[in-house]
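So the structure is just underneath, and the comments pick up after that.
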Amino acid sequence: MLVDGDFKLGPAGTVTDRNGDSVVAFGHPFLGAGPVRVPMAEAEVVTVVSSQANSFKVTNLGRHIGAIEQDRDAGIEGRLGVEAPMFPVTIRVRGQDGPDATYRVRIAAIPQLGAGLLALSTFNALDVTRYTGGLQGLDLNARIGLAEHGEVRLIQSFDGPNAAGEVVSFLLATVGYLFQNELEQVELEEVKIDLTQHPRPRTASLVAAHAERSVVRPG
């Protein structure tokens, strides 16, 4: 279970074997990350979509039942009844036109994926509440709580036809740097994101420019 709460996201795979509280599954790696701590959940297969290129299952994600602890070439291994860390995220979307909304999710604390999952959840919150394409302005106000290191505050505005994509890229780069920094492995305790949308970009166009004088001297 990579994202849980108002949005859910997770890869589904087949159980190979169960021995007591140990479960082996997939038959192939997930990330190939070796020792990991990823929430493991039940899944209900709704249907299988057949394809000569790549068949896949459509599944519903269920309750948490344990944690994946090994991600190897031969498959994944997990234990039932144990927990894996997730950090809570609250995303609020506001604007002048349309409804306001608040979404709450928990995201798996995986250094390789944490920033991307946070950015994706933010984009989805904006997409299901209002719109992500077209000319607009977006104000981002984010608080990122770090264990033992206080709070990182991000305040930034984006304007233009790709404002939503720029918000996602900004979060991906900044939070990714926190996760992947070479100084210390950080732990995210909580993330709060406020997005305020404006129907028109708050920009100006430069239509002309001229010098005050036509005769100049050096300096």
Checklist entry - Within the range 141-162, which residues are of a type in the set (Gly, Ala, Ser) and more than 15 Å from Asp194 (Cβ to Cβ)? => result Ala147, Gly150, Gly160
Item to check | Subset of the range 17-32 (residues that are part of a strand (DSSP E or B) and in contact (Cβ under 8 Å) with a residue 12 or more places away in the chain) | outcome: Ser22, Val23, Val24, Ala25
Checklist entry - For the range 173-213, which residues satisfy the criterion of being in contact with a helix residue (DSSP H, G or I) (Cβ under 9 Å, 6 or more places away or on another chain), farther than 20 Å from Gly114 by Cα and either assigned to a loop (DSSP other than H, G, I, E, B) or of a type in the set (A, V, I, L, M, F, W, C) (or both)? => result Pro201
Checklist entry - With (1) in a strand (DSSP E or B); (2) at pLDDT below 95; (3) crowded, with 19+ Cβ neighbours inside 10 Å as the list, and Glu151 as the residue in question, which single condition is left unmet? => result (3)
Checklist entry - Which of the residues belonging to the range 116-142 are open to solvent by 10 Å² or more (accessible area, probe 1.4 Å) and touching a Phe, Trp or Tyr at 6+ places or on another chain (Cβ under 7 Å)? => result Asn124, Thr132
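Here is a list: Ala211, Ala173, Ala204. Which entry is exposed (fewer than 13 other Cβ atoms within 10 Å of the Cβ) and modelled with pLDDT of 90 or more?
On the way: Ala211 fails: modelled with pLDDT of 90 or more; Ala204 fails: modelled with pLDDT of 90 or more.
Of the residues listed, the single one that is exposed (fewer than 13 other Cβ atoms within 10 Å of the Cβ) and modelled with pLDDT of 90 or more is Ala173.
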Item to check | Of the criteria (1) open to solvent by less than 30 Å² (accessible area, probe 1.4 Å); (2) of a type in the set (D, E, K, R); (3) more than 29 Å from Asp127 (Cβ to Cβ), which one Asp17 fails | outcome: (1)
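Where in the range 56-122 are there strands (runs of 3 or more DSSP E), lying wholly inside it, with at least 1 residues that are closer than 24 Å to Gly13 by Cβ and under 11 Å from the mean Cα position of the chain (by Cα)?
Numbers: elements: 56-72, 75-80, 86-95, 101-108.
Filter on the range 56-122 gives 101-108.
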Next on the checklist: Of everything in the range 111-148, what is of a type in the set (Asp, Glu) and at pLDDT 95 or above? Give them in sequence order.
Outcome noted: Asp139
Checklist entry - When Pro35 is evaluated against the numbered criteria (1) farther than 20 Å from Glu83 by Cβ; (2) open to solvent by 60 Å² or more (accessible area, probe 1.4 Å); (3) under 26 Å from the mean Cα position of the chain (by Cα), which criterion, by number, is the only one it fails? => result (1)
Next on the checklist: Tell me whether the range 129-140 contains one or more residues that are hydrophobic (A, V, I, L, M, F, W, C) and farther than 30 Å from His198 by Cβ.
Outcome noted: no
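The values are calculated or read from the model by the stated rules, or taken from the named source; none is laboratory data. What you are looking at is a predicted structure, and each value in this text was computed from that prediction instead of being measured. Don't worry about glycine lacking a Cβ; one is built from the backbone with ideal geometry, like all the others, and counts go over all protein chains shown. Remember, those area values only see protein heavy atoms, side chains included, never the ligands or the DNA or RNA. Shrake-Rupley method; radii C 1.70, N 1.55, O 1.52, S 1.80 Å.
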